[in-house]
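Asks: For reference, the structure I am asking about is given below.
Each value in this text was obtained by applying a stated rule to the coordinates, not by laboratory testing. Quick caveat, the model's predicted, so the values are computed rather than measured. In this analysis, Cβ positions are derived from the backbone assuming ideal geometry, glycine residues included, and neighbour counts consider all displayed protein chains.
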Amino acid sequence: QKIEAGKMELYMTSFSIEAMLDALRDINTPLAEKNSNQFLIECEIGLGSMFQDETKVSQCLTNFLSNAFKFTNEGIVTLAIAPFDEDGVEMIRFNVQGTGVGMTPEQLVTVFEEYQQGERSITAETAQRGTGLGLSLTKSYAELMGGRVEAESEKDVGSTFAFIIPRAFSHKDAKEA
């Protein structure tokens with residue numbers, strides 16, 4: 001099933017969440033090791049399958065993970081997956097948590113805006129490593145898939161970025177991006 005909105009296209013298929021997580025582990029472990037980070041995936045056994053755009057879900061999660069690896073040094077980046085019910089719709093929450101530099105409340109407000117670099121006030125060395133690109137696109141894809149993104153952060157403690165989408169795509173849940 002192909003969904004189009006503006007210039008964005010989604011290709012809906014049924015896929016195993018565990019198989020996607022295995023692929024994410026393979027792709028992202030080398031990124032984690034660049035800054036001597038541990039990469040953990042936390043989920044319950046038997047998550048089953050989803051009906052969404054697997055490639056876009058993986059890209060969005062990899063985007064969150066690569067940012068977490070960039071801003072975390074010798075720390076832990078965790079991808080935690082939890083299904084939950086929201087108004088009768090089964091949602092899947094993917095939390096990406098890093099124990100890195102974190103952000104101020106002011107930086108957090110604009111983090112999903114296009115081309116924002118949340119790290120402007122951080123040292124030049126750190127700033128050059130983070131592009132800030134991709135977060136607005138991740139937000140657009142989450143909304144197109146019927147979900148949303150959330151972020152919370154504490155300066156010098158770390159950040160958690162959440163990618164929350166329905167287990168099964170439905171036209172009625174999707175927002176035009």
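Asks: Sorted by average packing, counted as other Cβ atoms within 10 angstrom per residue and highest first, what order do 146-153, 25-32 take?
Replies: 146-153, 25-32
Asks: While we're here: Return the FRET efficiency for the residue pair THR110, ASN73: r is the Cβ-Cβ distance, R0 is 35 Å, and the value is rounded to the nearest 0.05.
Replies: It comes out at approximately 0.90.
Asks: Residue by residue through the range 20-34, which ³J(HN,Hα) values in whole Hz follow from phi under the Karplus form 6.51 cos²θ - 1.76 cosθ + 1.60 (θ = phi - 60°), with glycine and proline marked x?
Replies: Computed from phi, the couplings for the range 20-34 are 5, 5, 4, 5, 4, 4, 4, 5, 8, 4, x, 5, 4, 6, 4 Hz.
Asks: What FRET efficiency comes out for GLU18 versus LYS172 if R0 is 30 angstrom and r is the Cβ-Cβ distance? Round to the nearest 0.05.
Replies: Efficiency, rounded to the nearest 0.05: 0.60.
Asks: Starting at the first residue of the range 85-90, write each ³J(HN,Hα) from the Karplus equation 6.51 cos²θ - 1.76 cosθ + 1.60 with θ = phi - 60°, in whole Hz, x for Gly and Pro.
Replies: Values per residue, Gly and Pro as x: 9, 9, 6, x, 10, 7 Hz.
Asks: Separation between the GLU150 and ARG25 pseudo-spin-labels, each 7 Å from Cα along Cα→Cβ, expressed in nm?
Replies: That separation, rounded to one decimal, is 2.6 nm.
Asks: A further question follows. Show me the ranking of peptides 37-45, 83-91 by mean Cβ neighbours inside 10 Å, starting with the highest.
Replies: Highest to lowest by the protection proxy: 37-45, 83-91.
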